[in-house]
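J.: The structure's right below; bear with me while I get my questions together.
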Amino acid sequence: ISDIWGKIVHTLPLKEGILKGINAAPLYYLFEAELDESRLKIDKRDYVQRTLAAALREAEIHQAIPEIYGRLIPREQRKQYPTMVFVPSIHLVYDVARTLREKFGSEGVEVRAWAGKSVSSGQMEIDLADFNNGNIDVLVLCEMGGRGIDLPRARFLIDAYPTLSPTKLEQRVGRILRTIRPESELNRAGFKKPFALVVQVIPKSNHFRPFLLPDLLNCWDDFREGRLLGLCERGKRIMLQNDQGPAISLQQ
């Protein structure tokens with residue numbers, strides 16, 4: 001970016017964006033996966049993708065993700081929560097997509113999967129349009145499949161790709177926390193995003209704890225499961241009504 005446009009004159013941290021209303025506040029949940037931490041290898045300050053994917057597959061994470069989706073999003077509210085699921089390998093992309101279809105396909109949940117270079121650019125363009133038009137409910141992808149995509153309608157992230165990198169986490173979460181611009185077609189169509197849901201699925205860890213959203217927002221004092229993060233300075237009570245999302249009373 002600097003090579004093209006020159007010196008950076010201002011940066012906006014994600015937490016500041018949330019406080020200013022530029023980004024949606026995240027409603028945050030954390031789940032731990034039962035897996036053998038000794039199998040996880042570290043290279044270049046992050047998990048080795050191959051070992052992480054193998055451990056998560058052995059832990060049958062593809063069974064846990066549909067359970068999380070079904071538990072947090074009532075059937076009648078699924079259209080309000082277009083979902084992105086991140087996993088660390090192509091095999092897990094297909095495993096998760098297949099299990100989601102088996103469990104929710106009969107209920108009208110449309111699931112698509114991107115597995116890196118195996119998805120053509122033409123198909124990606126079709127899927128992007130379908131997602132933003134409300135014709136896709138869940139998009140399952142790995143890191144390569146998620147670069148450079150524009151999905152402002154995404155409102156629920158299930159992040160089952162643990163990372164030690166704050167940069168990777170911020171990029172991933174930032175896709176979900178984009179607000180709906182007043183002049184956008186989504187706003188004119190009546191789609192609202194007063195907040196977004198973020199779930200992280202991490203291994204139980206004693207040595208290399210993954211980087212978490214409360215780390216990124218520096219708001220562990222504000223952390224309670226199912227509480228909006230990054231708003232502790234506001235000190236106000238927020239009630240999420242049934243027509244907006246899960247009916248939860250939140251004390252900031």
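The values are calculated or read from the model by the stated rules, or taken from the named source; none is laboratory data. Keep in mind that this is a model prediction, so the values were computed, not measured. Here Cβ is always computed from backbone atoms with ideal geometry, including for glycine, and neighbour counts include all displayed protein chains. Quick note on the areas: whole protein, heavy atoms, side chains included, nothing else; ligands and nucleic acids left out. Shrake-Rupley method; radii C 1.70, N 1.55, O 1.52, S 1.80 Å.
J.: Buried (at least 19 other Cβ atoms within 10 Å of the Cβ), of a type outside the set (Ser, Thr, Tyr), under 18 Å from residue 57 (Cα atoms) and in contact with a helix residue (DSSP H, G or I) (Cβ under 8 Å, 6 or more places away or on another chain) - does that describe any residue in the range 182-198?
T.: No, the range 182-198 has no match at all.
J.: Quick one: in the range 135-165, which of the residues that are open to solvent by less than 50 Å² (accessible area, probe 1.4 Å), closer than 18 Å to residue 24 by Cβ and assigned to a loop (DSSP other than H, G, I, E, B) is modelled with the lowest pLDDT?
T.: Among residues in the range 135-165 that are open to solvent by less than 50 Å² (accessible area, probe 1.4 Å), closer than 18 Å to residue 24 by Cβ and assigned to a loop (DSSP other than H, G, I, E, B), the one modelled with the lowest pLDDT is 149.
J.: Is the range 34-41 home to any residue that is open to solvent by 70 Å² or more (accessible area, probe 1.4 Å) and closer than 19 Å to residue 168 by Cβ?
T.: yes
J.: Any residue at all in the range 166-183 that is part of a strand (DSSP E or B) and either among the charged types (D, E, K, R) or closer than 25 Å to residue 97 by Cα (or both)?
T.: Yes, the conditions are met somewhere in the range 166-183.
J.: Given the structure, is residue 22 of a type in the set (Val, Ile, Thr), crowded, with 17+ Cβ neighbours inside 10 Å and within 29 Å of residue 153 (Cβ to Cβ)?
T.: Against the criterion (of a type in the set (Val, Ile, Thr), crowded, with 17+ Cβ neighbours inside 10 Å and within 29 Å of residue 153 (Cβ to Cβ)), residue 22 does not qualify.
J.: Among (1) open to solvent by 40 Å² or more (accessible area, probe 1.4 Å); (2) under 23 Å from residue 174 (Cα atoms), there is one condition residue 86 misses while meeting the rest; what is its number?
T.: Exception for residue 86: condition (1).
J.: Restricting attention to the range 44-66, which residues are more than 14 Å from residue 210 (Cβ to Cβ) and open to solvent by 90 Å² or more (accessible area, probe 1.4 Å)?
T.: 44, 50, 57, 58, 60, 63
J.: I've got another one for you. Out of 127, 150, which single residue is without any contact (Cβ under 8 Å) to a residue 24 or more places away in the chain and over 17 Å from the mean Cα position of the chain (by Cα)?
T.: Answer to the selection: 127.
J.: Only one of these is in contact (Cβ under 8 Å) with a residue 12 or more places away in the chain, farther than 19 Å from residue 208 by Cβ, open to solvent by less than 60 Å² (accessible area, probe 1.4 Å) and among the charged types (D, E, K, R): 15, 79. Name it.
T.: The unique qualifying residue is 15.
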